[in-house]
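Single-structure report; data block below.
Just so you know, all these numbers are worked out from the coordinates, no wet-lab data involved. Predicted model only: the values in this text are computed from it and were never measured. Neighbour counts are summed over all protein chains in view; Cβ atoms, including those assigned to glycine, are modelled from backbone coordinates with ideal geometry.
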Amino acid sequence: DVKVTQSSRYLVKRTGEKVFLECVQDMDHENMFWYRQDPGLGLRLIYFSYDVKMKEKGDIPEGYSVSREKKERFSLILESASTNQTSMYLCASSTDFLGEQFFGPGTRLTVL
Amino acid sequence: KNEVEQSPQNLTAQEGEFITINCSYSVGISALHWLQQHPGGGIVSLFMLSSGKKKHGRLIATINIQEKHSSLHITASHPRDSAVYICAAPGEYGNKLVFGAGTILRVKS
């Protein structure tokens, strides 16, 4: 069974902390994505990666960075967490860039 | 910019009813996705279609490329169909998927 896993389902952090969200896929997919999901706004793309060590900004990259050192792992980093980064974060992977994406279970992050 | 709009935003139905969720987009596309998200759960892909119609169990997706419109139908709805349904289409430059805001469906028994 194909799988995308995320390091935490729920996370509570304080303003100013550095936060790491990890995503691992076991499907040997080239493409990996980080989204945030907020009520009424749908899924918004933060960053994506089409190969190891390659990354591209999405629609809302400000305040975030990413790392892809291995094909199966894509990390999202909040350099200095702020309350407006409280959200659901979803990781996804795919073979074809605009093809079917496989999503992780999500991490609900609360920044106090 | 490809605007992807869904309607309705919220939908409540009685068990057994036929349900339709609509999705429209502003820029010509190669394929459109329908996805499902259960409460507290991850997102799963239901369909990816570029023309005509696709069927999986009680779910049917149709697309009209000329009218830039797609519909997701659920026949004989059941409470377990309660979820958020999301459509997604390629962005204007084909460099990402653009997601609709989602339709929250609740099916009552």
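What the table shows:
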read-out: Evaluated at q = 0.19, 0.33 Å⁻¹: base-10 log I(q)/I(0), Debye formula over Cα of segment A:1-47; value: -0.85, -1.20
read-out: Relative contact order for chain A, counting Cα pairs under 8 Å that sit 6 or more residues apart, in percent; value: 36
read-out: Segment B:1-54 - convex hull of alpha carbons, volume per residue in Å³; value: 126
read-out: Calculated FRET value between B:H73 and A:M27, using beta carbons and R₀ = 30 Å, to 0.05; value: 0.50
read-out: Compactness index (Cα Rg / 2.2 N^0.38 Å), segment B:46-109; value: 1.23
read-out: Where only alpha carbons of the protein assembly as shown are counted, the Rg and the Dmax (Å); value: 17.5, 50
read-out: Kirkwood Rh, Cα atoms: Rg over Rh of segment A:35-112; value: 0.94
read-out: Qualifying GluC sites (Glu not before Pro) for segment A:40-69 [loop in DSSP, other Cβ within 10 Å: at most 16]; value: A:E62
read-out: Debye, to nearest 20: dipole size of the protein assembly as shown, +1 on Lys, Arg Cβ, -1 on Asp, Glu Cβ; value: 360
read-out: Exceeding the 22 Å Cα-Cα cut-off - candidates A:K18/A:K55; A:K71/B:K96; B:K68/B:K108; A:K55/B:K68; B:K1/B:K96; A:K55/B:K96; value: B:K68/B:K108; A:K55/B:K68
read-out: Square roots of 5 times each gyration tensor eigenvalue, C-alpha, chain B, largest first, Å; value: 24, 14, 12
read-out: Residues B:H56, A:H29 arranged by fewest to most Cβ contacts within 10 Å; value: B:H56, A:H29
